[in-house]
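Novice: One structure, as structure tokens, below. Some questions next.
The values are calculated or read from the model by the stated rules, or taken from the named source; none is laboratory data. All figures in this text were calculated on a predicted structure; none of them were measured in a lab. For neighbour counting, all protein chains shown are included, and Cβ atoms are generated from backbone atoms with ideal geometry for every residue, glycine included.
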Amino acid sequence: MTTRADLLEALGNLSEVGRVAPCWADPLAGWVSEIPREVRAAKRLCAPCPAFTGCREYGTGEGKRELGVYAGQSMTERLNRTTNPTKAA
Ligand code: SF4
């Protein structure tokens, strides 16, 4: 299980070696936007993120009720997938 502290530590470590997560490099790019076009853009930017796996684990676990995009999924998508396993990707 990836906790918020785990994810933040991983993001910090990646940043120190020059592998900055897209949401840290450009935090205003739509991760917490309510504008669909901006949310779609943020989701696309998550795809090559070096923290993607841990972020997905956090976003579908401890952080599933947090607003915003985590690892290419909105809060609504994460909640639907964690409460309805038949929708799991
Ligand atoms: S996968 Fe997670 S850490 Fe990476 S850019 Fe997306 S929201 Fe940020």
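Novice: Out of all the residues in segment 1-36, which are among the basic types (Lys, Arg) and within 13 Å of the chain's Cα centre (by Cα)? Show your work before the answer.
Specialist: Step one: of segment 1-36, the residues among the basic types (Lys, Arg) are 4, 19.
Passing the criteria: only ARG4.
Novice: Taking ARG19 as the residue in question, decide whether it is surrounded by 12 or more Cβ atoms within 10 Å (Cβ to Cβ), basic (Lys, Arg), more than 9 Å from the ligand (Cβ to nearest atom) and under 19 Å from ARG81 (Cα atoms). Steps first, answer last, please.
Specialist: On the way: surrounded by 12 or more Cβ atoms within 10 Å (Cβ to Cβ): yes; basic (Lys, Arg): yes; more than 9 Å from the ligand (Cβ to nearest atom): yes; under 19 Å from ARG81 (Cα atoms): no.
Here the answer is no, as ARG19 does not meet what is asked.
Novice: Would you mind finding the one in ALA47, ALA42 that is crowded, with 17+ Cβ neighbours inside 10 Å, within 10 Å of the ligand (Cβ to nearest atom) and either of a type in the set (A, V, I, L, M, F, W, C) or modelled with pLDDT under 95 (or both)?
Specialist: Values: ALA47 fails: crowded, with 17+ Cβ neighbours inside 10 Å.
Testing whether each residue is crowded, with 17+ Cβ neighbours inside 10 Å, within 10 Å of the ligand (Cβ to nearest atom) and either of a type in the set (A, V, I, L, M, F, W, C) or modelled with pLDDT under 95 (or both) leaves just ALA42.
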